[in-house]
Structure formats: C-alpha cells, structure tokens
Amino acid sequence: MGADRFSTAARLKAIGQEAQARVYRAAARRPVRRSRLTGRAALLALVLCALVVALAYPMRQYVSQRSDIADQRRQAQEAQKKVEQLRQEKARWQDPDYVRAQAREHLHYVMPGETGYQVAGGPPAAGDPAAEHRATSEAAAHRPWYDNLWNGVDRADASAASRPH
C-alpha cells in the first residue's frame, strides 16, 4: 500500500509539473501586455483636469457677463424706442389741431358758436370719473345709511390692501 501511495503522489507531482510547464510556455508565447495608462498619460490627464478646474469659474463669469451685455443692449433698444415714441408724441402736441381735439375729447370743451349738450341719465362715458362719481352718488342716495357705511369701510380696506407695504 505504501508503494501505491508513493507512486500516486509521484504521479500527481509529475502531472502538476507538466501543467506548470505548459502554463509557462503558453505565457512565454503571448506578447507581454503593458498597462495602457503610462506615467505620461496620467500626468497629461492630471494637467487637463487642472486646466478644466482652473478655467471653469472664469468661463462661467464670461458667459454671465455676455448675458448681462445682451440684456443691457435689449434694454437700450427698448429705451431708444420709448424715446422715439415720446418725440412723436411731443411733435403731435405741437400741432394746434391735435391739442384742440384732445381738449374737446377729454375736457369736453366747446368752440365758440357751438352748443354743447350733455345727456342726463344716459350711460356714463367710458373713463369719465365725474360721471362715475355721479352714478355712485345717486345709487348711494337710495340705499340705507348702514349700507353706505359698510361700503365705505370695504372701499377703504380694499385701497389699503392694494398699497405696497
């Protein structure tokens, strides 16, 4: 039995050595693979990362300033348009016919020799504050006093709420 063991152990040792020799021969036939990341490549990657980090903030500032410049140019163009509109309006007000038409429309002026008429009880003219006030006063005269009191409180409360604090 001892001889069987020795021979089995010897056989296993021989098989292991043969397998090891095959592995070494196969490894010797394969070309040696070098690491793809060399020291120079690592240094280059590090320098590129440092450049990206160093340039990120200035680039952000540059883009932000370009955006601000574009906004300022747009505002300047809008202001120029507004100036042109005001110049045209000023030129219209220099015309006596335009001034006369505006006085007739907004102030209800009547030229000498004309007869002015005002319709009583008709609908108030749009945007005429006097007519709106008259209509409100006439409606208030027909309501009980306590309704007028509460309406006044509500109006005061609404005007106080609409004002910025």
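The values are calculated or read from the model by the stated rules, or taken from the named source; none is laboratory data. Keep in mind that this is a model prediction, so the values were computed, not measured. Counting neighbours? That spans all protein chains shown, and the Cβs are built from the backbone with ideal geometry, glycine included. Protein only, heavy atoms only, side chains kept; ligands, DNA and RNA dropped before computing areas. Shrake-Rupley method; radii C 1.70, N 1.55, O 1.52, S 1.80 Å.
Taking label positions 7 Å along the Cα-Cβ direction at both residue 115 and residue 73, the computed distance is 6.5 nm, reported to one decimal. Can you give me the C-alpha center-to-center distance between the stretch 60-81 and the stretch 87-106, rounded to a whole angstrom? Centre-to-centre distance over Cα atoms comes out at 36 Å. With a Förster radius of 35 Å applied to the beta-carbon distance between residue 43 and residue 13, the computed FRET efficiency rounds to 0.10.
Order 108, 142, most accessible first, counting only protein heavy atoms with a 1.4 angstrom probe. Walk me through the numbers on the way to the answer.
Values: 108 120, 142 160 Å².
From most exposed to least exposed: 142, 108.
Per residue, the stretch 18-103 exposes an accessible area of 96 Å² to a 1.4 Å probe, with every protein chain left in place.
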